[in-house]
There are 2 protein chains.
Amino acid sequence: MLLRSGILTASDGEAVALENATAASGVVLVCEHASSLLPPSAGDLGLSPEALSSHIAWDPGALAIAGRLSTALDGLLVHQRFSRLIYDCNRPPESPAAMPEKSEIYEIPGNRDLGPAERYARTAALYIPFHDRLAAEITRLQGAGLQPVIVTVHTFTPVYFGKPREVEIGILHDADSRLADAMLEASKSGPYRVERNSPYGPEDGVTHTLRLHAIPQGLANVMIEVRNDLVRDSAGVEAVASYLADLISKALERAA
Amino acid sequence: MLLRSGILTASDGEAVALENATAASGVVLVCEHASSLLPPSAGDLGLSPEALSSHIAWDPGALAIAGRLSTALDGLLVHQRFSRLIYDCNRPPESPAAMPEKSEIYEIPGNRDLGPAERYARTAALYIPFHDRLAAEITRLQGAGLQPVIVTVHTFTPVYFGKPREVEIGILHDADSRLADAMLEASKSGPYRVERNSPYGPEDGVTHTLRLHAIPQGLANVMIEVRNDLVRDSAGVEAVASYLADLISKALERAA
């Protein structure tokens, strides 16, 4: 079906990718913004190379952190293989932010005045398979007797609209704050500046994946945001991921 | 995938149905509002039996007309098997009218304050498969050397918000009016009161299917609206369908 949409072709591969598919724990790491890759059909969306590799295209470092967490917690990792510039899988189809015309300071010409056919094609090619697969994996884990725990992993830019951000790690939640509360409690003595629902929160529409897959089903969940200057090299990734793995483990022990 | 959504189960069958699948012409009849059927998972949406069988749930008579046109024109017929109260397949996911909280005089309690998980599940279960299949069939016809012509078939209620409607048949179009113009020209000497973009038009968001499948591809297209009191019995259906088949045939001859 996706081939006909014209967004992805056979040589582009699937929109969704799995790592650690035989993971033994119920932890599910989710990375909606793992990649800056554009499918060839998208061209450059009218953007400069600088914009195409910036934080508006992806969350630099997020997949590396999520991969490390997947190993440390023996959890499944589900990630989107294409850039959020085509479709931001952490936004529902009805949101203007799903295929944004503007992101921070960048206009995105290739997303201007999209008609319903193009919006449908992108939704069918990128959003539906991603969330269908995630839902299927969660169901599979439950069928195997595991209790799924949904952890979405993001990074944010240290400077936004010219303003530096002081927070280093954000622990975000929507209506269900159980896991976030426990992680925030465990973070009190740590080396990082950790804050609740920061640098943005559920009121900004960023908890879509949690609202889709965790909250209606009553599954423990959290959204993690890491300032991307902390994970620019492998030492930084290792340090942050070890710290987060420890926070999550402690939080899950408390909740158990 | 759809089974997991919880909207449709295996015993409900597919969302989309085809008739005259080996049709020899390029005409594709589309009926988004063919059925008042609710999947068992939907319950009664909080509606009375009267509302559940009214025009807010479906277009009474539309499938009968479309079936007759399919035979007369040797065209493929694609129809949605479930009520538009669950998902109106002539509306994109981002439209409030896709899962309306209110339709004419009826509040729809089961559609109130839908969360993203429910909106996603309905979109994945009903909208995506319907339009994916329609797109696939159009591509198949083109591959067979045919020139697809998209004809969507609807009916409308003779009394809306207490006000009678005089128009009997509406010939609706969006940006591409070629086929509609030719049908309107051919309708001048006929027995029915036929009007352009009436009782509503593209400004009311009713041309979604045309905008998805016909206009970007340059395919000839039209949306037909029949006042449903004209097709309450088989004689009425036969009369209207014969008349419309004649209009379409004449219009296609002129355009050829």
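Might you tell me the accessible area per residue for the protein assembly as shown, computed with a 1.4 Å probe and given in Å²?
Working: 20200 Å² over 512 residues.
With all protein chains present, the protein assembly as shown gives 39 Å² per residue.
Hey, got the average number of other protein chain Cβ atoms within 10 angstrom for residues in B:115-128?
On the way: counts 5, 16, 11, 2, 4, 11, 4, 0, 8, 8, 0, 0, 5, 9.
The shielding value for this peptide is 6.
Take peptide B:88-98, look around each residue's Cβ out to 10 angstrom, count Cβ atoms belonging to other protein chains, and average those counts.
Working: counts 0, 0, 0, 1, 8, 11, 9, 2, 1, 0, 2.
Mean shielding by partner chains, rounded to a whole number: 3.
Could you tell me the total accessible area buried at the A-B interface, probe 1.4 Å, in square angstrom to the nearest hundred?
Buried area (both sides, nearest 100 Å²): 2000 Å².
In peptide B:135-143, how many Cβ atoms from other protein chains are near each Cβ within 10 Å, on average?
Whole-number average of other-chain Cβ neighbours for B:135-143 is 2.
Report, to the nearest 10°, how far helix A:62-73 tilts away from the longest principal axis of the Cα atoms in chain A, using its own Cα long axis and a range of 0 to 90°.
Once rounded, the angle reads 40 degrees.
As an exercise, take the mean of 1/r over every pair of distinct alpha carbons in chain A, invert it, and state the Kirkwood radius in angstroms.
This gives a value of 18.5 Å.
Could you tell me the ratio Rg/Rh of segment B:1-91? Both radii from Cα atoms, Rh via Kirkwood.
Looking at segment B:1-91, the ratio lands at 1.02.
Considering only DSSP beta bridges with both partners in segment A:11-121, what is the antiparallel share in %, to the nearest 5?
60
Nearest 10 degrees, 0 to 90: what angle lies between the long axis of helix A:234-255 and the longest principal axis of chain A (Cα atoms)?
Helix A:234-255 and the main axis of chain A meet at about 60 degrees.
Give me a comma-separated list of calculated 3J(HN,Hα) values for segment B:193-198, in order, Karplus coefficients 6.51, -1.76, 1.60 applied at θ = phi - 60°, integers in Hz, x for any Gly or Pro.
3J(HN,Hα) across segment B:193-198, in whole Hz: 7, 10, 9, 7, 6, 9.
Taking residue B:112 in one copy and the same position in all the others, each labelled 7 Å out along Cα→Cβ, what are the pairwise distances from the first, in nm, shortest first?
Reported distances to equivalent positions: 4.3 nm.
Just the number, please: carbon plus sulfur as a percent of the accessible area of segment A:2-255, 1.4 Å probe, no ligands or DNA/RNA counted.
Within segment A:2-255, the accessible surface is 52 percent carbon and sulfur.
List the distances, in nm to one decimal, from the label point of residue B:147 to the label points of the same position in every other copy, shortest first, placing each label point 7 Å from Cα along the Cα-to-Cβ direction.
Listed shortest first, these distances are 6.5 nm.
Dipole magnitude of segment B:2-255 about its Cα centre, charges +1 at Lys/Arg Cβ and -1 at Asp/Glu Cβ only, in debye to the nearest 20?
Around 260 debye, computed over segment B:2-255.
Every other copy gets compared here: list the nm distances from the residue B:40 label point (7 Å along Cα to Cβ) to its counterparts, shortest first, one decimal.
Sorted ascending, the copy-to-copy spacings read 4.8 nm.
Return one number: the angle in degrees, 0 to 90 and rounded to the nearest 10, between the long axis of the Cα atoms of helix B:128-143 and the longest principal axis of the Cα atoms of chain B.
In chain B, helix B:128-143 runs at an angle near 30 degrees to the longest axis.
Cut-off 10 angstrom, C-alpha nodes, Gaussian network model of chain B. Which of B:127, B:200, B:106 fluctuates the most?
B:106
When the Cα centres of segment A:79-130 and segment B:88-167 are compared, how far apart do they sit, in Å?
Computed from Cα coordinates, the inter-centre distance equals 22 Å.
Which aspartates and glutamates, if any, have their Cα less than 14 Å from the Cα of residue A:250, not counting same-chain residues under 8 positions apart?
Partners within reach: A:181, A:185.
The values are calculated or read from the model by the stated rules, or taken from the named source; none is laboratory data. These figures come from a predicted structure and were not determined experimentally. We place every Cβ from the backbone using ideal geometry, glycine too, and count neighbours over all the protein chains shown. Accessible surface areas use protein heavy atoms only, side chains included; no ligands, DNA or RNA. Shrake-Rupley method; radii C 1.70, N 1.55, O 1.52, S 1.80 Å.
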